[in-house]
Amino acid sequence: MNRTEILWVSVSPDAETSGSVQAACEASGLRVHACDTAEEACDLVASSSHRYAALVASIGAREGGRDTSLCDAPLRAASRSTPGLFTVVFSPAAQADPKSRLERFAAGARMVTAYPQALQEALCLVHQQLTSRGALACGCC
């Protein structure tokens with residue numbers, strides 16, 4: 001099965017963050033599979049890792065959004081089951097705090113951002129890598 005979906009888990013959601021992440025994910029060209037809890041995301045990654053191209057864990061900016069470790073369990077599950085999965089933390093708090101950013105990278109994130117345009121560009125590149133043959137195609141094939 002081709003990896004054609006983004007697994008999106010929103011912990012401590014708020015409307016602004018959720019709207020930004022949803023729009024960026026949908027603009028990437030990959031289908032979005034949203035889940036409500038970190039536990040659900042862990043289960044999905046472990047059981048269906050072949051179907052996901054990326055994991056986006058978003059943490060809202062509202063009260064409770066300061067605990068950026070809420071997304072660590074899905075990041076670690078993705079690192080264990082699918083090391084090649086592109087993992088992103090979308091969080092204003094993690095973006096603003098260097099220590100938190102480093103902790104998210106240690107947990108398995110490959111990107112930490114609070115900018116919807118940056119998220120969209122990265123996910124578009126993931127989609128392009130999965131669908132493009134590239135400039136150096138084999139002449140025999």
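Go through (1) in contact with a strand residue (DSSP E or B) (Cβ under 8 Å, 6 or more places away or on another chain); (2) under 18 Å from E5 (Cβ atoms); (3) modelled with pLDDT under 90 one by one and return the number of the condition G29 breaks.
Answer for G29: the failing condition is (1).
Which of the numbered conditions does T37 fail, given that it passes all the others? Conditions: (1) open to solvent by 70 Å² or more (accessible area, probe 1.4 Å); (2) at pLDDT below 90; (3) farther than 25 Å from Q128 by Cβ.
Unmet condition: (1).
The values are calculated or read from the model by the stated rules, or taken from the named source; none is laboratory data. None of the values given here were measured: they were computed from a predicted structure. In this analysis, Cβ positions are derived from the backbone assuming ideal geometry, glycine residues included, and neighbour counts consider all displayed protein chains. Accessible surface is based on the protein model in full, side chains and every heavy atom, while ligands, DNA and RNA are left aside. Shrake-Rupley method; radii C 1.70, N 1.55, O 1.52, S 1.80 Å.
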